[in-house]
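A short write-up of the structure that comes next.
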Amino acid sequence: METISFFDGRKIPLERHKVRIVQQLNLLPVEERLARIQEASSNLYLLRNKDIFLDMLTDSGVNAMSDRQQAAMLQADDAYAGSESFFRLERTVRDIFGMEHFLPAHQGRGCEKILADLLVKPGDIVPMNYHFTTTRAHIERCGGEVIELLIPEGLKCQSDYPFKGNLDTDALAAFLAEKADRVPFVRLEAGTNLIGGQPFSFANLRETARICRQYDVLLILDASLLQDNLYFLKMKDEDCRDLSLREIMRAVADQCDIIYFSARKLGFARGGGICMRESELVDPLKELVVLNEGFLTYGGMSVREIEAIAVGLEETLDLAVTSQGPEFIAYMVDELEKRGVPVVTPAGGLGCHLDASRFVPHIPQEEYPAAALAAALYIAGSIRGMERGTLSENRDADGNETLAEMELLRLAVPRRVFTKSQIDYAVDRVTWLYENRDLIGGLRFEHEPKILRFFLGRLAPLSDWQEKLAAKFAGDLPGSL
Ligand SMILES: *Cc1c(COP(=O)(O)O)cnc(C)c1O
């Protein structure tokens with residue numbers, strides 16, 4: 001395996017690319033950060049990007065593109081129907097996944113909407129390793145229900161189990177033995193997003209697929225974060241160690257009936273699509289693509305993005321490219337652990353996840369500890385993370401809070417975007433905040449939307465804790481931004 005070791009023994013992630021286009025960043029003084037977060041009602045989605053120094057909200061649509069992707073975008077073939085750019089992407093997808101059909105969509109949730117519209121009817125139940133916000137919203141919109149069959153280890157924040165995204169296959173077999181007639185498909189998510197970007201193992205995928213075949217139920221893979229899962233299969237799974245990433249990708253695809261992905265993540269561009277073998281589902285799905293997304297040769301994507309995805313998918317199969325994200329995340333997790341900051345372990349893909357339930361244990365879940373931590377970190381370092389906890393849940397039918405199983409603040413590390421010194425800066429500001437965690441207080445809703453409330457909700461601090469936190473920062477680091 002091609003690794004690079006330092007002679008002095010340090011374990012430092014090394015950028016395997018050079019920077020040739022840059023975007024200037026602003027770092028506002030702490031007093032202005034305080035004003036901006038209050039204007040944004042303590043919801044980091046409502047901040048303006050120009051007021052953020054390190055945007056660690058997400059890896060979605062913000063990964064760095066390569067020179068080859070940019071070049072491909074210049075020779076895109078603009079056409080409503082029959083674009084050569086689409087056929088190039090279709091060829092790449094066929095080659096990589098070994099699946100004949102590729103149906104384009106504008107992004108991952110477009111795929112989820114179409115699949116749910118066709119397959120989910122009232123009373124259906126969809127088993128999965130873990131839900132994703134938009135996935136569950138579309139299944140429930142169609143009258144279905146999600147049941148999560150994650151292995152118990154998956155919800156432990158501190159662990160050394162390498163495949164915390166595994167589905168509990170015994171539980172799946174027992175469930176299907178009783179209720180297979182109500183199950184339109186089983187969904188497995190690669191690089192399981194909401195539990196900290198945690199992968200499944202190949203044996204787990206194979207066993208899940210075997211059980212699905214036994215009960216004649218479709219297996220659908222959400223491959224949005226498959227890039228990170230591929231890396232962990234290569235590095236940690238005995239079954240895959242001797243295979244190339246291309247071979248692992250194909251072996252994974254061979255176990256699945258349908259694969260869909262957000263190309264805002266997989267493929268380093270902006271779009272999405274559904275890959276599948278010949279089946280009676282292809283034609284009805286095509287009709288839904290045309291109705292909801294656009295004609296079959298663009299599906300809501302610009303042809304330029306389609307070209308970039310085709311190149312990006314190929315680049316994903318290069319370990320020097322795919323290792324960047326997980327290696328930087330592992331470095332960040334290690335550095336924070338060394339300083340005693342509670343983080344999700346082992347390090348996964350997608351980002352470094354702070355465990356808010358241990359970071360701010362004095363804030364009850366009804367006061368949104370992970371969201372409060374997110375607002376506090378913006379004040380402390382102009383860093384934007386994403387709350388993944390109770391705020392990201394929906395209320396139940398009676399209007400009661402559904403308390404999340406994990407209260408996480410995700411600090412996404414978009415691929416090839418940040419340098420090591422920027423990661424070191426983030427580690428430093430998180431550490432300062434941890435030293436001052438007692439100053440952080442809770443939040444309450446001032447305006448609470450009914451659907452996906454975390455996107456547009458307006459919140460307010462329960463005391464003047466934000467002012468106090470900003471004043472402490474100014475006192476501790478006088479003269480520093
Ligand atoms: C981001 C994501 C989606 C949705 O994709 P969008 O492109 O944001 O619509 C679905 N599933 C997973 C696992 C994701 O990470």
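Since every read-out is calculated from the coordinates, none of them should be taken as a lab result. Since this is a predicted model, take the numbers as computed values, not measurements. No Cβ is skipped: glycine too gets one built from the backbone with ideal geometry, and neighbour counts run over all protein chains shown.
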Self-check item: Residues of type lysines that K472 reaches as a straight line, Cα spacing below 16 Å, ignoring anything fewer than 8 places off in the same chain
Solution: none
Quiz item: E238 versus K179, label points 7 Å from Cα toward the beta carbon: distance in nm?
Solution: 3.4 nm
Quiz item: Roughly how compact is segment 300-430, stated as its Cα Rg over 2.2 N^0.38 Å to two decimals?
Solution: 1.23
Quiz item: Could you give the nm distance between label points at A203 and E446, where each point is 7 Å from its Cα heading toward the beta carbon?
Solution: 5.4 nm
Quiz prompt | R0 of 30 Å, Cβ-Cβ distance D95-S480: FRET efficiency to nearest 0.05 | solution = 0.05
Exercise. Identify the residues of segment 235-270 with backbone N under 17 Å of a label point that sits 7 angstrom from the Cα of E2 along the Cα-to-Cβ direction, or state none.
Key: 235, 242-248
Exercise. Mind computing the radius of gyration and Dmax over the alpha-carbon atoms of segment 250-330? Å is fine for both.
Key: 14.6, 43
Quiz item: What is the calculated FRET efficiency for A79 to E287, with r their C-beta to C-beta distance and R₀ = 25 Å, to the nearest 0.05?
Solution: 0.75
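Determine, from the Cβ-Cβ distance of S463 and S159 and an R0 of 45 Å, the FRET efficiency 1/(1 + (r/R0)^6), rounded to the nearest 0.05.
Values: r = 35 Å, r/R0 = 0.77.
In this case the efficiency is close to 0.85.
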Practice problem: Show the residues, 5+ positions off or on another chain, whose built amide H is closer than 5 Å to the amide H of L150. | Solution: D168
Self-check item: All lysines inside 20 Å of K164 as judged from Cα atoms, apart from same-chain residues fewer than 8 positions distant
Solution: K156, K234, K236
Quiz prompt | Approximate spin-label separation R141-R210, in nm, with each point projected 7 Å along Cα-to-Cβ | solution = 3.7 nm
Practice problem: Please list, or write none, the lysines whose alpha carbon is within less than 23 Å of the alpha carbon of K113, excluding same-chain residues fewer than 8 places away. | Solution: K121, K265, K286, K450
Exercise. Please work out, to two decimal places, the log10 of the ratio I(q)/I(0) at q = 0.06, 0.10, 0.11, 0.12 Å⁻¹ from a Debye calculation in which every Cα of the chain carries one identical scatterer.
Key: -0.26, -0.75, -0.91, -1.09
Practice problem: Take every Cα pair under 8 Å in the chain that's 6+ residues apart, average their separations, divide by the length, and report that relative contact order as a whole percent. | Solution: 22 percent
Quiz item: Working from the pairwise distances between different alpha carbons, so that the mean of 1/r is found and then inverted, what is segment 67-316's Kirkwood radius in Å?
Solution: 18.2 Å
Quiz item: In square nanometres, what is one fourth of the surface area of the convex hull spanned by the alpha carbons of segment 14-118?
Solution: 11.4 nm²
Quiz item: If you average 1/r over all unlike Cα pairs in segment 178-235 and invert the result, what Kirkwood radius do you get in angstrom?
Solution: 12.1 Å
Quiz item: How big is segment 157-296 by the Kirkwood estimate over distinct Cα pairs, in Å?
Solution: 16.1 Å
Self-check item: Within the chain, helix-based [θ] at 222 nm, where runs of 4 or more DSSP H residues each add -39,500 (n - 2.57), nearest 500
Solution: -12000 deg cm²/dmol
Exercise. Determine how many Å³ per residue the convex hull of the Cα atoms of segment 41-91 encloses.
Key: 157 Å³
